Amino acid sequence: MELIDYPNYNEKLYVQKLANGLTVYLQPKAGFNKTTAVLGVNYGSIDSEFMLNGEKVVQPAGIAHFLEHKMFDKKDYDVFELFNKTGARSNAFTSFTKTNYLFSTAESVKENLDILLDFVQIPYFTQQKVEREKGIIDQEINMYKNDPDNQAYFETIANLYPHSVLSNDIAGDVPSVDKITLEDVELAYNTFYRPENMSLFIAGKLDPDQTLEWIEANQARKQSPEPVTVKRLMTLPQTDSEGIHRSTMDVSRPKVTLGLRGNDPVPKGREGLKYEIAISAMFDLFLSENSIEYDKLYHDEIIDDSFSWEFENERGFHFAVISCDTTQPLELIKRLKEIISTIPDKIHNLTSEFQLQKNELFGNYIEMMDSEETISGQFDGFIGEPVTIYDEVEILKSMTLDDVAAVATDFLKTATVQEGLIQNHEQPTD
Amino acid sequence: MKYEIAKGIGLTTIPTTKFKNSKIIINFTFRAHHENYAKLALLAELLENCSAKYDSELLVSRQLSKMYGASFGVTVLRYGNQHTLQVSITFPNDKYLPPKSELTSEILDFLREMIEDPFVDGDQFNLAYFRIHQNNMVNYLDSIQDNKGFFSTLQLQKLYYSNDQDHGSFLMGTPKETKAITSPKLYEFYGQVLSQSKISILVGGDLDENVVVNGFKKFRSFVDRTPDTFDLKVVPDNVEKVQRGTKNIAGSQSVLSIAYRLPIYFGDAQYFPAVIFNQLFGGSSRSLLFTNVREKNSMAYDIHSSYNSLVGMASVQAGIDYKNEERVTEMVAEQLKQMIDGHYSDELLEGVKQALINQHRSEADHLSALIEKQYVQQIMGFSLSDADWESQVEAVNREQISEVAKQMSLRAVYQLNSRGQS
């Protein structure tokens, strides 16, 4: 096993790529009672179009999420029953680019690891089971549709990436889910649920050698799938126009979003993480509670605590979404655009502010280190090299304001901007 | 270790070297009266965002960044009959910070500043500051309707305690109550909170206890007091019939919420059977509600039950299609009947026990959970060793669970109806 040592934080990471291609990451936490394991599949909602052994496949939107649900449903039992016997907690979730299956437990780690690896690696699909799941997923879709914040977020992404797989909700919609067939599910599974397309990250109470032995023994019992050639197809057409996209929903105050689609190239691996941290620092410098700009918007009563922003850097795309409830939506959009346009010029003068921000981010990383859920949740096993939060904090420490300014300038120079506005019929605009 | 800072002000430390951060919470507590809810919620906002020295939100925020992104918050809570103003702060341990860092004293000075020297002009909170946060609070209260599940929970609570505002009202107050508060009145109220509350301080992590105790002794307002005592358990009035409420909205899903009286409280002989009953009924992903309503009949994605042992109440909530409302209501009643009749497998019962024990052991990995556990045991005057806790869980049998299920009496139903796409 490869050992990566983090003496500053008294932590170690063990890495081993198994013969079948599965990569295992083990991060023991001394003194902890609990063990958290995340089995990640490098497959998400955007992977619905691909070339398989030279032939083009187009699948219904929501297929990855559908597959996630179906993995729990076995011939004559539900996987939750198995976890229930050991008392472990288990869950799964699908994002644009990944599907993660996880458990956490203070008992019977080996047994739970076998359950996790087996239920994800040994599928059982039938026509009847596929049909029955549709009703549940429809209710899940409707639950998200009922949430205006969720709607605002996904509509903004759809406006940034129109006519592309990113314009679909992760779960798809009721008609697309209805189209999913047993054959679709099997094909998606066989294409993407392959050991070389998975990573297993385990944090908490564990003995690295013994844990690896358990995993190897489990994998040795399974036959490797036949090799396939897969090429993911994702075209993200450029938008012809920028502007405000309005929609109507029953909301207490108008909801504004401002989305920024990154069109600059993002480096891979550790450098990509550096890019992400730099963009976050940029937003902190201009839109966190520490910034003059935020303070002004707040005291002009254009924004309040509902203000937030997030930045996503994923396989093949990156974007930011800023959102807030406000009674002055058009003024907020105008002011945000002004603030953003001045970033490349103003950022160079923020030396002491940057130092303060680094201080805060550094402390935030120390805080994350106490949570094995965060350590494992933050980890991305598919960027070519292992980068843990212990690496991220070192990237942060060595980051300069010039680094941030350079990344910010590249990002903003080419970013396309779309605004979203959700309001009631009766709400007037300012 | 337990210390007394003054009469009526206790400090408990939970020393542990397992974590890289430490946490301090300060609870100011008194008996819950609904007239105070809006006031205490707004007060929490005003104590969190500014002080005399840090007289803008920006300065507080920058001070927190300077203290390595310490997470500071002031919030309101209700433990049964107890109304609580909670100040909390989490911060990294010195050994991970640059050499010679002494963050603990800085944190204590900061807490003292925020608590004892709020942003006031004469005998009121700074008016511009007061007004902006009052406004924000009203906007927040108005926005709750956007969150359908939470909105329904609050309506259900109101129905459940139809004649009892101290327990039926939302802890943050109403927009109307918030608007009616004036700055001088709120400042006066704060004087009472500070001088009359019972104060419980809890400190978890790897800290020098002397530094902490001496730090709190410097708080000039932390002086002797004789807080009134009261029972934490909430016993609701009897009601003649089931209370029902309905609201129609434009939306994509209906939310069905059902509340039962379950007169079993933390520390009672039936407490553990009640906890296990809830897990079997709808509290886990193997529960009867989850299995039969969701997995077998595809009627819901989210359906769950919860049990509050401080108020003796259990509730069920489900996001469903409007057309299935009657059927789901029937199915919930059927699952309760199954619980009374003991129609579930031994395997499921054993698994639920296993899961509770597993989660109990897992709690020790979260500093916040350790502190919360310590505090609840303290105020309830009921504590069990981990071994006793586990053996009590193990000892629960089917008869006991059935006895618990029989005590469930339907008390309130709230339907947030949406008949289709918005």
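Here the spin labels are modelled as points 7 Å beyond Cα on the Cα-Cβ line, and at A:Gln16 and A:Asp403 they lie 3.3 nm apart.
Simple spin-label estimate for A:Thr374 and A:Ala217 gives 3.5 nm between the two label positions (7 Å along the Cα-to-Cβ direction from each Cα). Just the number, please: Stokes-Einstein D of the range A:329-414 in µm²/s, Kirkwood Rh from C-alpha pairs, 10 °C, 1.306 mPa s. Taking Rh from Cα pairs, D becomes 104 µm²/s. Against chain B, whose longest principal axis is taken from its Cα atoms, helix B:148-160 shows a tilt of about 80°.
Computed from label points 7 Å out along Cα-Cβ, the spacing between A:His163 and A:Asp264 is 2.7 nm. For chain B, the longest principal axis of the Cα atoms and the long axis of helix B:37-49 meet at an angle of about 50 degrees.
Only beta bridges with both residues in the range A:243-423 are counted; by DSSP, about 80 percent of them are antiparallel. Could you give log10 I(q)/I(0) at q = 0.08, 0.09, 0.10, 0.13 Å⁻¹ for chain B, computed by the Debye formula over C-alpha point scatterers of equal weight, without solvent? Listed by q, the Debye log ratios stand at -0.52, -0.66, -0.81, -1.26. Scaled to the globular estimate 2.2 N^0.38 Å, the Cα spread of the range B:2-217, given as radius of gyration, is 1.08. The calculated FRET efficiency for the pair A:Asn8 and A:Glu271, based on their C-beta separation and a Förster distance of 35 Å, comes to about 0.95.
Look at the alpha carbon pairs under 8 Å that are at least 6 residues apart: their mean separation over the length of the range B:243-418 gives a relative contact order of 43 percent. Among the chymotrypsin sites (Phe, Trp or Tyr not before Pro) in the range B:186-288, those placed in a DSSP loop whose Cβ has at most 14 other Cβ atoms within 10 Å are B:Phe230. Measuring between alpha carbons in the structure, the pairs from A:Lys358/B:Lys2; A:Lys98/A:Lys231; A:Lys397/B:Lys66 lying more than 25 angstrom apart are A:Lys358/B:Lys2.
Both numbers refer to the Cα atoms of the range A:258-308; Rg and Dmax are 13.9, 41 Å.
Across chain A, C-alpha contacts under 8 Å between residues 6 or more apart give a mean separation that, scaled by the residue count, equals a relative contact order of 22 percent. Sites count as exposed loop sites when they are GluC sites (Glu not before Pro), lie in a DSSP loop, and have at most 15 other Cβ atoms within 10 angstrom; the longest stretch of chain B without one is B:241-422.
Given R0 = 51 Å, the distance between the Cβ atoms of A:Asp209 and B:Lys296 translates into a calculated FRET efficiency of 0.75.
Angle of helix A:127-145 to the longest C-alpha principal axis of chain A, folded into 0 to 90 degrees and rounded to 10: 20°.
Per residue, the convex hull spanned by the Cα atoms of the range A:2-232 amounts to 153 cubic angstrom. Where in the range B:135-176 is the amide nitrogen less than 18 Å from a point lying 7 Å along the Cα-to-Cβ axis of B:Glu240? Once the point is set 7 Å along Cα→Cβ of B:Glu240, B:159-164 turn out to lie under 18 Å by backbone N, inside the range B:135-176. Only helices enter this figure: runs of n ≥ 4 DSSP H residues, each worth -39500 (n - 2.57), summed and divided by the residues of chain B, yield -13000 deg cm²/dmol at 222 nm to the nearest 500.
Within the range A:45-98, the chymotrypsin sites (Phe, Trp or Tyr not before Pro) that combine a DSSP coil assignment with at most 12 other C-beta atoms in a 10 angstrom radius are A:Tyr77.
Per residue, the convex hull spanned by the Cα atoms of the range B:243-418 amounts to 130 cubic angstrom. Mean sequence separation of contacting Cα pairs (under 8 Å, at least six apart), scaled by the length of chain B, corresponds to a relative contact order of 22 percent. Global size of the protein assembly as shown: 27.2, 80 Å for Rg and Dmax (C-alpha atoms, Rg to one decimal, Dmax whole).
Rolling a 1.4 Å probe over the protein heavy atoms leaves B:Lys241 with an accessible area of roughly 140 Å².
Roughly speaking, what % of Cα-Cα pairs in the range A:243-423 are separated by over 24 Å, rounded to a whole number? Summing the P(r) of the range A:243-423 above 24 Å gives 41 percent of all pairs.
With kT/(6 pi eta Rh) evaluated at 37 °C and eta = 0.692 mPa s, and Rh the Kirkwood radius from Cα pairs, the range B:1-73 diffuses with a coefficient of 215 µm²/s according to Stokes-Einstein.
For chain A, the gyration tensor built on C-alpha atoms gives an oblate shape. Its axis ratio a/c (a ≥ b ≥ c) is at least 1.5, and a/b is not larger than b/c.
Annotation note: GluC sites (Glu not before Pro) in the range A:323-430 located in DSSP loop regions with a Cβ neighbour count of at most 10 within 10 Å are A:Glu426. Remark: the A:Thr181-A:Lys56 segment gains 43.3 nm on full extension, using 0.36 nm per residue and subtracting the alpha carbon distance.
To put it simply, the accessible area of the range B:2-217 at a 1.4 Å probe is 50 percent carbon and sulfur. Close lysine pairs were tallied over the range B:243-418: pairs 8 or more places apart or on different chains with Cα atoms under 28 Å apart number 10.
Efficiency by 1/(1 + (r/R0)^6): what FRET value for B:Ser221 and B:Asn135, r their Cβ-Cβ distance, R0 = 35 Å, to the nearest 0.05? E between B:Ser221 and B:Asn135, to the nearest 0.05, is 0.80. Average projection, convex hull of the Cα set of the range A:225-328: 10.7 square nanometres.
Roughly how many Å is it from the Cα centre of the range A:320-377 to that of the range B:188-256, as a whole number? Between the Cα centre of the range A:320-377 and that of the range B:188-256, the gap is 32 Å.
The values are calculated or read from the model by the stated rules, or taken from the named source; none is laboratory data. As the structure is a computational prediction, the values presented were derived from the model and not from experiment. Every residue, glycine among them, receives a Cβ derived from its backbone with ideal geometry; neighbour counts consider all protein chains shown. The protein model used for the area step is the full one, side chains on, heavy atoms only, and it has no ligands, DNA or RNA in it. Shrake-Rupley method; radii C 1.70, N 1.55, O 1.52, S 1.80 Å.
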